[in-house]
Amino acid sequence: MAEEIRAEMVANVMSVVVQDGDTVHDGDSLFVLESMKMEIPVLTEVNGKVDRIVVNEGDVVQEGDLLALLE
Amino acid sequence: MTALATRPDSQQTEQDPRDPELRLAQLFDPDSMTPLHPRDASGVYAVQGRIDGATVIAYCTDGTKMGGAMGTEGCRHIVEAIDTAVRRRCPVIGLWHSGGARLAEGVEALDAVGQVFAAMIRASGKVPQISVVLGPAAGGAAYGPALTDVVIMAPTGRVFVTGPDVVRSVTGEEIDQDGLGGAEAHGKKSGVVHVVAADEPDAYRRARHLTGLFARPGLFDLHSVQTEQDLRALLPETARRAYDVKPVIRGILDTDTDEASDFQEFQAKWAPNVVTGLGRLGGRTVGVIANNPLRKGGCLDSLSAEKAARFVRMCDSFGIPLLVMVDVPGYLPGVGQEWGGVVRRGAKLLHAFGEAVVPRVTLVTRKSYGGAYIAMNARSLGATTVFAWPEAEVAVMGAKAAVGILHRKALAAAPDDEREALQDKLAEEHQRVAGGVDRAKSIGVVDEVIEPSQTRRRIAEALAAAPAGCGAHGNIPL
């Protein structure tokens, strides 16, 4: 089943750390978001492969927005 | 009355694993159980026994009889067990495997389940109540655990008010029991469960560990906290960078002894931007509340404030001293937060700290801004001692953001290529006058700037020196 990675809070996408097709493990950082003058990593809690990244650097994301799909 | 306690290994092959005697035997020290009543068909078995030598009362719903359904007799046993624990001033543990009230007994069963709730509420804040959910805990049996102080769930545990069949027939939603009320649902989504166990034996192990923390709180041994470790090295160089606060918590608490002193986190995956849990410092049980910058930058929000508030009140009611670790950029802004009750729920945290009479020491590791500064056990709320690490910032907001508002006109009037430099210069000035830890210290809201390497010792000394207290209130499930 696809695992949805969503934003925890309103933020700017500072950097996209992974690419489509990358293998990721529990605890890996997928994105770095910028909010409240803080650089906040978005971590995966599952092992899997990056299926699709749906945001770009510089995007503004709202709480709950989809950032990527893992498979 | 003969002792009915049997060692599980002698009869394991013949007994149903749901047998309450078998389950209770795994919770207690070997051969320490004495029944509180003869075994009967009530669907509940209650005993007194010892955990690491401490007296503990426990009851277990009997999953082998009508799925552990609660009838009048069984409920009476639970009520007596809880009242006995209050009289003997010892913890009471419930092992839950119950489909809810016995339908055949009708409204009498509902009345009996209500009496169980009333007993739990009478005992709230007087003796620690721990629930271990081993199977279904449905309907009335769901609110039993929820009224107690700590809920531990085994992977086979299921907590819900109405099961998947009723959900489907009323709302059309398709979900199985695990999805509706399992460890993922309550460990992460609802926050009902405080501790998710790896399996049933792990659930008993964690119940024993927590019982030890409550029943044998110990005394501060200041000789054991002299060890020095540069805890500042666990934080990133850049102040903007997020990090996991849990290694810092472990660095302050005892770790060098046995598993009994391990930090037990509460509600680890729910509202994870604040970390709450029990551990030991210098041998004494303490409660820890810490912002976790790794999640939501460590911002407080409505759920994390509520999570921390209940934890503070639980510790206060059992006389457990508190360590509050602060690295907070503020309250999380947003329409969702405001409409979601960040004011109402944030007020719970202010109230919880403000009324707490246990020793409570605050440590500002990096920054403490705005309303969240107050909510994280500020001096004004009655903190016993407020420590800060060097270079910590205590302010209404970050200096640069502050001058952006205070000097908005001057900055707007400045040429584009000079604006940034001007803002930095103003920020530096502002920092000197209004921010920074020195200013906080001079007005007495920070008592002392301490070396990170001496954190363990200084916190233990401050907690040990304060008069012990115990809040005269229950632990309402906020």
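Remark: the Cα gyration tensor places segment B:95-208 in the oblate category, a/c being 1.5 or greater and a/b not exceeding b/c. Relative contact order of segment A:3-70: 45 percent, from C-alpha pairs under 8 Å at least 6 residues apart in sequence.
Hey, which of these cross-link pairs are over 23 Å Cα-Cα: B:K307/B:K367; A:K37/B:K348; B:K269/B:K307; B:K269/B:K348; B:K307/B:K441? Violating the 23 Å Cα-Cα cut-off are A:K37/B:K348; B:K307/B:K441.
If I take R0 = 22 Å and measure r between the Cβ atoms of B:Q226 and B:E391 in this structure, what FRET efficiency does the formula 1/(1 + (r/R0)^6) give, to the nearest 0.05?
0.35
Per-residue Cβ neighbour counts within 10 Å put B:S380, B:S304, B:S317 in the sequence B:S380, B:S317, B:S304, beginning with the fewest. Anisotropy class assigned to segment B:163-300 is oblate, per the alpha carbon gyration tensor with a/c at or over the 1.5 cut-off and a/b no larger than b/c. Annotation: the antiparallel percentage among DSSP beta bridges lying fully within the protein assembly as shown is about 50. Note on B:K65: aspartates and glutamates with a C-alpha under 15 Å away, same-chain residues under 8 apart excluded, are B:D16, B:D19, B:E21, B:D40, B:E73, B:E105. Counted over chain B, the DSSP beta bridges are approximately 35% antiparallel. Highest mean first, the peptides B:79-87, B:218-226 sorted by other C-beta atoms within 10 Å per residue fall in the order B:79-87, B:218-226.
Taking every alpha-carbon pair under 8 Å whose residues sit at least 6 apart, chain B reaches a relative contact order of 11 percent. Let me make sure I get this right: for segment B:313-369, a, b and c are the square roots of the gyration tensor eigenvalues over alpha carbons, sorted descending. Under 1.5 in a/c it's rounded, otherwise prolate if a/b > b/c, else oblate. Which is it? Oblate. Using only side-chain charges placed at the Cβ, +1 for Lys and Arg and -1 for Asp and Glu, the dipole size of segment A:3-70 relative to its Cα centre rounds to 80 debye. Of the beta bridges in segment B:20-212, as assigned by DSSP with both residues counted there, near 35 percent are antiparallel.
Read-outs: derived from the displayed coordinates by stated rules, not from any lab. Just so it is clear, the model here is predicted, and its values are computed rather than measured. We place every Cβ from the backbone using ideal geometry, glycine too, and count neighbours over all the protein chains shown.
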